[in-house]
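*Asks:* This structure is in C-alpha cells; I'll ask about it shortly.
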C-alpha cells in the first residue's frame with residue numbers, strides 16, 4: 001500500500017501544476033512558488049523543499065504548498081511532517097479532487113496507529129473522491145475493507161499462545177519458511193548466515209525439544225542462495241528455490257533433490273515447463289509429492305505475484321503450470337502457498353485481500369475442483385507486519401511460522417510454534433500416516449518397492465510412492481475416517497495387499513511388510529475382497545483388488561495360480577465348504593472375464609479346514625474368512 005502511494009505522489013513530477021494557484025498567493029510567494037515547482041519537476045527535492053518552505057512562511061494558507069510539502073516529506077519518510085501538511089491541505093480544500101490521495105495517506109497513517117474507525121472515515125472519503133475504476137479507487141476500497149476487518153479482528157482476537165522454538169533452532173539472525181515431515185519428527189527451514197547467504201537447515205525432534213540444526217547437505221547448499229523449500233510427507237523429496245545458478249532459466253528457479261538412505265542427490269532444475277524467465281519460488285509439495293504449488297510473476301497471471309500449480313504426470317514429467325485463478329489470486333501479490341497434508345486446505349499470503357496490513361495469511365478449501373473464498377486466519381497470527389510463512393502439522397494440532405514482530409527481537413526473524421486454535425482446527429481436516437519398512441521375507445534385506453494407496457470408499461487411487469532403496473522405509477499420509485487398500489509390488493515378487501482403516505484416536509499405523517519372491521507354492525491373501533455375510537457375490541469394493549490381480553497376471557504370464565476360499569467355523573461344515581467354493585469361483589470368473597486365460601487359473605474351496613488362527617473372537621474369525629492365491 002505504501003509503495004503504491006509513493007508512486008502516486010511522485011506522479012506530480014510529470015505535470016507542471018496540480019491546480020491553479022490560490023488567489024491569496026503574494027507576489028513574492030508566487031515567484032518563489034514557480035521556482036519551487038521547477039525544482040520539483042526536475043526532481044531536485046532538497047531545493048524544492050527549501051523553496052516551498054519559504055512560500056509557506058509568507059503564505060501559510062496556500063493549499064498547494066502544503067500538498068507539495070506533504071509529498072516531499074512522504075518521500076523523505078518523515079510521517080509526522082507528512083501528516084501535518086496533508087491535514088492542512090484537506091482542511092483548506094476538503095472537496096478538491098487532489099484531496100483523495102491525501103485522505104488515503106491520512107487513513108493509512110491512522111491504520112498503522114491501529115485507529116481503525118478513524119482510518120475508515122478517511123478511506124471512505126478517498127473512495128468517494130477518487131475517479132471511478134482508478135488505481136486509487138481500488139486501493140481506497142481495499143483499505144476501507146481492511147479497516148473494517150482489522151477493527152473487528154482486534155476486538156475478537158484468535159486465542160493463540162505463540163512460543164519461540166528456542167535458541168537451539170533460532171541460532172541465526174534470521175530463519176524462516178519452516179516445513180516438516182508428516183510424522184512431525186523432522187524440521188527443515190531456511191536460514192540467513194552472517195555472510196547474507198541463504199541455506200537450508202535440518203533438525204530432528206529429540207526428547208525435550210529439537211537437536212542442533214545442521215546444513216541439510218553440501219550437495220544442496222552452495223555459495224549462492226538456496227531456500228524456501230518444501231518436503232514430501234516421507235521426507236525423501238525436496239523441492240527448493242535456488243538463485244543465479246548456471247542452469248537457471250530466470251533469476252530464481254525451482255529445483256528437486258531426492259534422498260536415498262541418508263544422502264541427498266544434487267538438485268536438478270525442474271525444467272522450462274516449471275521455470276521461466278520470470279521469478280519462481282516458494283514451492284509447496286503435496287504429501288504424495290505429485291502436485292506442486294509455487295509463486296511466480298510469470299505472464300498469464302491475475303496480478304503481480306500469483307500462485308500456480310503443476311501435476312506430476314509420470315516419472316519426472318510435470319504438467320504445464322496452471323494459475324489458481326481469481327478465486328485465490330488478486331491483482332496484487334499472492335505468494336507463499338502451503339498445501340496441508342490433507343491435500344484440500346491451502347494456506348497462502350496476500351496483500352491484495354482485506355487484512356491487518358501488508359501480507360496476511362489466508363486459508364482456502366478445495367471443494368471438488370474449485371477453491372472456496374479465502375478466509376483471513378485472524379489476529380494476532382496476522383499483524384501489521386508481513387506474515388508469509390506458515391506450516392500446519394499433518395495431524396492439524398500445531399502451527400509453525402516466522403515472526404519478526406517481537407519487541408525483544410527487533411530486526412530478527414525467528415521460528416515460533418503455537419497450538420492451532422479451534423477457529424482453525426475446525427477448518428483443517430487432520431491426517432494420519434502409515435509408516436514402516438518393506439523387505440525380502442527370506443533374506444530380510446530392505447527392498448525398493450512401488451506402493452499404491454486406494455480409498456476403497458470411492459475406489460480411487462489417492463497416492464503412489466516408493467520405499468527407500470537403501471532402508472526399505474516408507475511413509476504415507478492417510479485421511480481419517482477412510483478405509484484403505486494398500487498395494488506393494490516389485491518385479492520378481494508376489495504383490496502384497498493390505499487393508500486397514502484409521503480411527504480418530506490413532507495417529508499412525510506401523511507396517512512391517514515382507515515380500516515373497518515368485519516361487520512355486522508361495523501364497524498371498526487378497527485382503528480387499530469383500531462379500532456380504534453368507535453370500536458369494538463380489539462387493540463393488542473388491543474391484544480395486546481384482547484389477548490389481550489381473551495386472552499382476554498380465555505382467556507375469558509364466559505363472560498359473562490357484563484361488564482358494566476359506567471360511568470361519570460359524571455354520572455347518574458342508575455349508576462352509578460350498579460357500580468357500582463359490583467365493584473362489586466368483587474370483588476366478590472375474591479374472592477370466594478380464595482376459596486371463598482359463599488354463600492359468602484353478603479354484604478350490606477349503607471351508608473351515610485351514611484356519612490361520614483360532615476361531616475364538618470376531619477379529620480372528622474375520623482373518624479366517626479369506627481368499628488366497630498360490631503359485632502353482
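*Asks:* Can you tell me which of (1) surrounded by fewer than 22 Cβ atoms within 10 Å (Cβ to Cβ); (2) under 21 Å from residue 96 (Cα atoms) is the one residue 76 doesn't meet?
*Replies:* (2)
*Asks:* Applying the selection to the stretch 420-432, what residues are in a loop (DSSP other than H, G, I, E, B) and either over 19 Å from residue 287 (Cα atoms) or free of Cβ contacts under 8 Å to residues at least 24 places away in the same chain (or both)? Break it down stepwise before answering.
*Replies:* Filtering the stretch 420-432 for residues in a loop (DSSP other than H, G, I, E, B) gives 420-421, 426-430.
Matches in the stretch 420-432: 420, 421, 426.
*Asks:* Additional query: Taking into account only those residues within the stretch 415-426 that are buried (at least 17 other Cβ atoms within 10 Å of the Cβ) and out of contact with any strand residue (DSSP E or B) (no Cβ under 6 Å at 6 or more places or on another chain), which is farthest from residue 463 (Cα to Cα)?
*Replies:* 421
*Asks:* So, residue 631, is that one within 46 Å of the chain's Cα centre (by Cα), within 25 Å of residue 493 (Cα to Cα) and surrounded by 16 or more Cβ atoms within 10 Å (Cβ to Cβ) or not? Quick ask: steps written out before the conclusion?
*Replies:* Working: within 46 Å of the chain's Cα centre (by Cα): yes; within 25 Å of residue 493 (Cα to Cα): yes; surrounded by 16 or more Cβ atoms within 10 Å (Cβ to Cβ): yes.
Judged against the criteria, residue 631 is a match.
*Asks:* Another one. Which is under 19 Å from residue 303 (Cα atoms) and either within 15 Å of the chain's Cα centre (by Cα) or assigned by TED's automatic domain parsing to the domain that holds residue 291 (or both), of 333, 368?
*Replies:* Numbers: 368 fails: under 19 Å from residue 303 (Cα atoms).
None of the other options fit; the residue is 333.
*Asks:* Please find, among 543, 582, 520, the residue that is over 22 Å from residue 616 (Cα atoms), in contact (Cβ under 8 Å) with a residue 60 or more places away in the chain, out of contact with any helix residue (DSSP H, G or I) (no Cβ under 8 Å at 6 or more places or on another chain) and part of a helix (DSSP H, G or I).
*Replies:* Values: 582 fails: in contact (Cβ under 8 Å) with a residue 60 or more places away in the chain; 520 fails: part of a helix (DSSP H, G or I).
Of the residues listed, the single one that is over 22 Å from residue 616 (Cα atoms), in contact (Cβ under 8 Å) with a residue 60 or more places away in the chain, out of contact with any helix residue (DSSP H, G or I) (no Cβ under 8 Å at 6 or more places or on another chain) and part of a helix (DSSP H, G or I) is 543.
*Asks:* Please go through the stretch 494-538 and give me each residue that is surrounded by 12 or more Cβ atoms within 10 Å (Cβ to Cβ), more than 25 Å from residue 459 (Cβ to Cβ) and within 37 Å of the chain's Cα centre (by Cα), ordered by number.
*Replies:* 507, 514
*Asks:* Just wondering, is there one or more residues in the stretch 564-579 that are under 28 Å from residue 457 (Cα atoms), out of contact with any helix residue (DSSP H, G or I) (no Cβ under 7 Å at 6 or more places or on another chain), part of a helix (DSSP H, G or I) and touching a residue at least 24 places away in the same chain (Cβ under 8 Å)?
*Replies:* Within the stretch 564-579 (the criterion being under 28 Å from residue 457 (Cα atoms), out of contact with any helix residue (DSSP H, G or I) (no Cβ under 7 Å at 6 or more places or on another chain), part of a helix (DSSP H, G or I) and touching a residue at least 24 places away in the same chain (Cβ under 8 Å)), the answer is yes, since at least one residue qualifies.
*Asks:* So, of the residues in the stretch 263-290 that are farther than 19 Å from residue 334 by Cα and in contact (Cβ under 8 Å) with a residue 60 or more places away in the chain, which turns out to be surrounded by the most Cβ atoms within 10 Å (Cβ to Cβ)?
*Replies:* Filtering first and then ranking leaves 287.
*Asks:* Name the residue, out of 155, 98, that is surrounded by fewer than 21 Cβ atoms within 10 Å (Cβ to Cβ) and touching a helix residue (DSSP H, G or I) at 6+ places or on another chain (Cβ under 7 Å).
*Replies:* On the way: 155 fails: touching a helix residue (DSSP H, G or I) at 6+ places or on another chain (Cβ under 7 Å).
Matching residue, one of 155, 98: 98.
*Asks:* Right, here's the next one. Can you name the number of the only condition in (1) at pLDDT 95 or above; (2) touching a strand residue (DSSP E or B) at 6+ places or on another chain (Cβ under 7 Å); (3) surrounded by fewer than 16 Cβ atoms within 10 Å (Cβ to Cβ) that residue 163 fails?
*Replies:* All conditions pass for residue 163, except number (1).
*Asks:* Given the conditions (1) over 30 Å from residue 108 (Cα atoms); (2) part of a loop (DSSP other than H, G, I, E, B); (3) free of Cβ contacts under 8 Å to residues at least 40 places away in the same chain, and given that residue 310 satisfies all but one, which numbered condition is not satisfied?
*Replies:* Against the list (1) over 30 Å from residue 108 (Cα atoms); (2) part of a loop (DSSP other than H, G, I, E, B); (3) free of Cβ contacts under 8 Å to residues at least 40 places away in the same chain, residue 310 comes up short only on (2).
For (1) outside the structural domain of residue 496 (by TED's automatic domain parsing); (2) surrounded by 18 or more Cβ atoms within 10 Å (Cβ to Cβ); (3) over 45 Å from the mean Cα position of the chain (by Cα); (4) modelled with pLDDT of 95 or more, each residue gets a yes or a no:
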site	(1), (2), (3), (4)
568	yes, yes, yes, no
590	yes, yes, no, yes
593	yes, no, no, yes
603	yes, yes, yes, yes
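*Asks:* So which helices (runs of 4 or more DSSP H) stay within the stretch 36-127 end to end and still have 3 or more residues that are under 37 Å from the mean Cα position of the chain (by Cα) and within 24 Å of residue 357 (Cα to Cα)?
*Replies:* Details: elements: 45-58, 63-75, 79-92, 99-112.
Once the helices (runs of 4 or more DSSP H) in the stretch 36-127 are filtered for at least 3 residues that are under 37 Å from the mean Cα position of the chain (by Cα) and within 24 Å of residue 357 (Cα to Cα), what remains is 99-112.
*Asks:* Follow-up. Check residue 379 against each of (1) in contact with a helix residue (DSSP H, G or I) (Cβ under 6 Å, 6 or more places away or on another chain); (2) closer than 30 Å to residue 257 by Cβ and name the one condition it does not meet.
*Replies:* (2)
*Asks:* Is it the case that residue 417 is outside any strand (DSSP E or B) and under 30 Å from residue 334 (Cβ atoms)? Step through it out loud before you land on a result.
*Replies:* Working: outside any strand (DSSP E or B): no; under 30 Å from residue 334 (Cβ atoms): yes.
Spelling it out, it is not the case that residue 417 is outside any strand (DSSP E or B) and under 30 Å from residue 334 (Cβ atoms).
The values are calculated or read from the model by the stated rules, or taken from the named source; none is laboratory data. Remember, predicted model here, so these are calculated numbers, not experimental data. All Cβ positions, glycine included, derive from the backbone under ideal geometry; neighbour counts span all protein chains shown.
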